Amino acid sequence: MKVASHQLRCTQCSAGIAPETVAADFRCPLCGGLYEVIYPWSSTAVQTSTRTPGTVMPDVRLPNASALRWLWQERRTSTMAVDQSGVWRFRDLLPILANPETPVTLREGNTPLYDLPRSAKALGLDFLLAKHQGIGNPTGSFKDTGMTAALSVALERGFEWVACASTGNTSAAMAAYAARAGLRSIVLIPEGKIAWGKLSQSMDYGAITLQLRTDFDGCVRILNELIRRLPIYLLNSVNPYRAEGQKTPAFELVEQLEAQVPEHIIVPGGNLANGAALGKGFREMLHLGLIPRVPKISVIQAEGANPLIRSFMENGGETLIPVTADTRASAIRIGNPASFRKAVQTIRSTGGWTAQVSEQEIALAKAEIGAEGIGCEPASAATLAGLKKLVASGHITSEERVVLILTGHTLKDPEYTIDYHRGSLLREDELASATLAQLHLHANLRKPPAVLDADTDAVLRTMESVLQTPIPA
Ligand code: F0G
């Protein structure tokens, strides 16, 4: 009899299956739902319903919270790659590999937690932090934490090809990890709709990069056809092993806060997998006694790519209302998100919120995060823009502790930043909806580059004129 380290459980109908029997599209054959990975110690563990005869989940013994805390700290001083990885350092809670000591790793995770004093002050908050998943991760986005996990599984399962549809960051991460593992990778991206930094990465890491004349949702359709015809391992976020890696920033965050749990976590929403993955991480920590409660997880979308918000407004989140997506925050330009149900479950079960933000509000928030010396890509800035709304509506109060998840590095999309500072990003009609206070902030934050003759006096004159503008407090 084979003892399984984990099983897959449908998040919709709760049916459990043995991992090797999962379909290529990672959908439940009974209801079409998405799976999550469960372990013998999970609160939702399926003990008997595996459909592979002769495979059982072993007896339940909960991992010991203090032993885990000690082990995770010990590994910080190790020189082994698997311990230096900010994902695999927590491998006790993601035992998905037959050979747990040799994952495909690029020392992902270990991302910094910054305070945002100016934004906190402006919002009247005592405690505002940003966990920057774009800094520290090897390809500059949070996708690396999930990719190390799912690509390691692909390698163990003997696949030669891996593939994804992407708005740019998943493809960059997949291409890098596939290159490390010596697997062939194929990337489907919407032509003309992803940031240059991301496009350049998938080429640099040697993926077959195909720009399809469609949007992200169209790329997903083609990819699903492709995996039906060829033995290609799907690495989009429907792959439940991605979430196992993407839950680990929750562990890291709690460590960084010395076992404190913030009241609120705010994520930007695209395909809607990330909030759910972090939620799983917090839920597991609660179940194992590592934390006393879970934070509220809120998801922010761009007004032009808001299927989650529309669905909540029109039917309380019961059914997805897909939209034709359009936003300059190209990472989250997604109209038909695969993990809609998982996200709704996460928001409901944690007591979180949703909010939508305009292009003008995203641009302003991005400039504010930049002015704190941190920077991020546009989709990540939706979190700060959304936080402002949640504070204004009274959903978040001044003494509550908030952590924004900044998902991508500012250099992912330099064109956006340059257009903003040159004043060519936002259209007149977009600026027309801004308040006077917002217009004032834009004017202070925009720093267009000046072109001067090679003349010291000209440089000094420019410095003098800039001295008239006060440095932000
Ligand atoms: N922020 C960034 C920078 C992203 O790249 C993405 C998603 C999100 C937020 C949204 O996360 O999909 O889990 O809700 N990017 C995917 C990609 C879709 O292909 O790179 P989500």
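Worth pointing out:
- For Val82, Val37, Val187, the sequence from fewest to most other C-beta atoms within 10 Å is Val82, Val37, Val187.
- The His421 and Leu286 beta-carbon pair, evaluated with R₀ = 51 Å, returns a calculated FRET efficiency of approximately 0.75.
- No Cys partner within the rule (Cβ under 4.7 Å), the chain: Cys164, Cys219, Cys376
- Sorted largest first, the principal axis extents computed over the alpha-carbon atoms of the stretch 328-451 equal 53, 32, 29 Å.
- Note on Gln73 and Ala392: their simple-model spin labels are 4.4 nm apart, each label 7 Å out from Cα toward Cβ.
- Of every Cα-Cα pair in the stretch 322-398, the percent that sits beyond 22 Å: 32
- Size of electric dipole in the chain: Cβ of Lys, Arg +1 and of Asp, Glu -1, about Cα centre, debye, nearest 20: 1220
- Computed over the chain, the ratio Rg/Rh where both radii use C-alpha atoms and Rh is Kirkwood: 0.98
- A convex hull fitted around the alpha carbon atoms of the stretch 224-326 yields 140 Å³ per residue.
- Neighbour-count order for Ile396, Ile266, Ile300, fewest beta carbons within 10 angstrom listed first: Ile396, Ile266, Ile300
- Full extension of the chain between Asp92 and Ser200 gives 35.4 nm of extra length, using 0.36 nm per residue less the Cα-Cα distance.
- Gain on full extension, evaluated as 0.36 nm per residue between Glu156 and Ser14 minus their Cα-Cα distance, stands at 48.5 nm.
- Each label was represented as a point 7 Å from its Cα along the Cα-to-Cβ direction; for Arg213 and Glu399 these points are 6.1 nm apart.
- Remark on the stretch 166-308: Rg and Dmax equal 17.2, 49 Å (Cα only).
- The stretch 233-272 pair-distance distribution - Cα-Cα, 10 Å bins, rounded %: 24, 44, 26, 6
- Spin-label model distance (nm) - Gln256 vs Met80, 7 Å beyond Cα toward Cβ: 2.5
- Working note: Debye formula, equal point scatterers on the alpha-carbon atoms of the stretch 260-405, no solvent; log10 I(q)/I(0) at q = 0.08, 0.13, 0.17, 0.22 Å⁻¹ is -0.20, -0.53, -0.91, -1.40.
- Helix-only CD estimate at 222 nm, as mean residue ellipticity for the chain, using -39500 (n - 2.57) per DSSP H run (n ≥ 4): -11500 deg cm²/dmol
- For a straight C-alpha distance cut-off of 19 angstrom, the lysines reachable from Lys389 (same-chain residues fewer than eight places away being disregarded) are Lys121, Lys296, Lys366.
- Taking the stretch 259-297 and a reference point 7 angstrom along Cα→Cβ of Leu62, the backbone N atoms nearer than 14 Å belong to 283-293.
Here, each number is a calculation from the coordinates, and none is a lab measurement. Just so it is clear, the model here is predicted, and its values are computed rather than measured. Because the Cβ atoms are built from the backbone with ideal geometry, glycine has one as well, and the counts that use them run over all protein chains shown.
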